[in-house]
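The values are calculated or read from the model by the stated rules, or taken from the named source; none is laboratory data. Source: prediction; values computed, not measured. Glycine gets a Cβ as well: all are built from the backbone with ideal geometry, and neighbour counts include every protein chain shown. Each accessible area value is taken on the protein alone, full model and side chains, heavy atoms only, with ligands, DNA and RNA left out. Shrake-Rupley method; radii C 1.70, N 1.55, O 1.52, S 1.80 Å.
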Amino acid sequence: MPKIVDHEQKRKLIAESAWQIIEEKGLEHASIRAVAAKAGLSPGALRHYFSTQDELLLFIVDYYLTRGAARAAEGLVISHIPIKAAREILLQLLPLDTEKRTAAGVWCIFAIRSLRSLALQAKKDELTDGLHYLTKAALEILAQAQLLPSAADIQLETLRLAAVIEGLTILAMLRPELYTPETVEQIVTLHLHELCSRAAAG
């Protein structure tokens, strides 16, 4: 009787093995041969799933970021209070737990690699577009509740808020002793309250 292969489980094993190598030794060491050895596969078996390192990296990004975001969205309950709802959306984007820190690490490596790989640029644009979509959604919740200044430039504020989120993501990875989850949450909360206080002052 032929052995039944669980392809989804095998791809998960490959993604996790590749990320372990990247974390321990760097992306340059995550070759098809090295990842295959780590996963207990032959290079030929791994190439059945991924023919190039870029294809493998695209899958790692999809595994850790895209699927992680989908899982987070399923369990996310948005508050009916506008400023809390905006805060909840933004905090989902930040590395506040182990799983999200892993995803942030994957994103940082992927973003750098995409600068010199045409094969990765479309995925990079898709992910940054997703960041802008969510930051804009948070701002629109505030705007609809008339908590933003009437003259606020939503497009510019979207870019500014995305820059805040990306900056916090990088700093939380580089200096976790300073940018603790509690501190990151406080910064996001302060940023939103300052945005809304401009409307109150006006």
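Summary table below
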read-out: Qualifying positions in region 33-48 - in a loop (DSSP other than H, G, I, E, B) and open to solvent by less than 40 Å² (accessible area, probe 1.4 Å); value: 41
read-out: Region 96-115: number of residues that are under 12 Å from the mean Cα position of the chain (by Cα) and in a helix (DSSP H, G or I); value: 13
read-out: Residue match in region 75-95 (condition: assigned by the TED database to the domain that holds residue 178, at pLDDT 90 or above, part of a helix (DSSP H, G or I) and under 12 Å from the mean Cα position of the chain (by Cα)); value: yes
read-out: Residue in region 58-66 that is touching a helix residue (DSSP H, G or I) at 6+ places or on another chain (Cβ under 7 Å), among the charged types (D, E, K, R) and surrounded by fewer than 19 Cβ atoms within 10 Å (Cβ to Cβ) present; value: no
read-out: Cross-chain or 6+ apart pairs with Cβ under 7 Å, region 40-51 first and of a type in the set (Ser, Thr, Tyr), then assigned to a helix (DSSP H, G or I); value: 42/36; 49/11; 49/14
read-out: Matching residues in region 20-32 - criterion: being open to solvent by 20 Å² or more (accessible area, probe 1.4 Å), assigned to a helix (DSSP H, G or I) and touching a residue at least 12 places away in the same chain (Cβ under 8 Å); value: 20, 23, 27
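Residue-by-condition table, conditions (1) of a type in the set (Asp, Glu); (2) under 26 Å from residue 80 (Cα atoms); (3) in contact with an Asp or Glu (Cβ under 9 Å, 6 or more places away or on another chain):
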{"residue": "98", "(1), (2), (3)": "no, no, no"}
{"residue": "126", "(1), (2), (3)": "yes, no, no"}
{"residue": "137", "(1), (2), (3)": "no, yes, no"}
{"residue": "151", "(1), (2), (3)": "no, yes, no"}
{"residue": "162", "(1), (2), (3)": "no, yes, no"}
{"residue": "196", "(1), (2), (3)": "no, yes, no"}
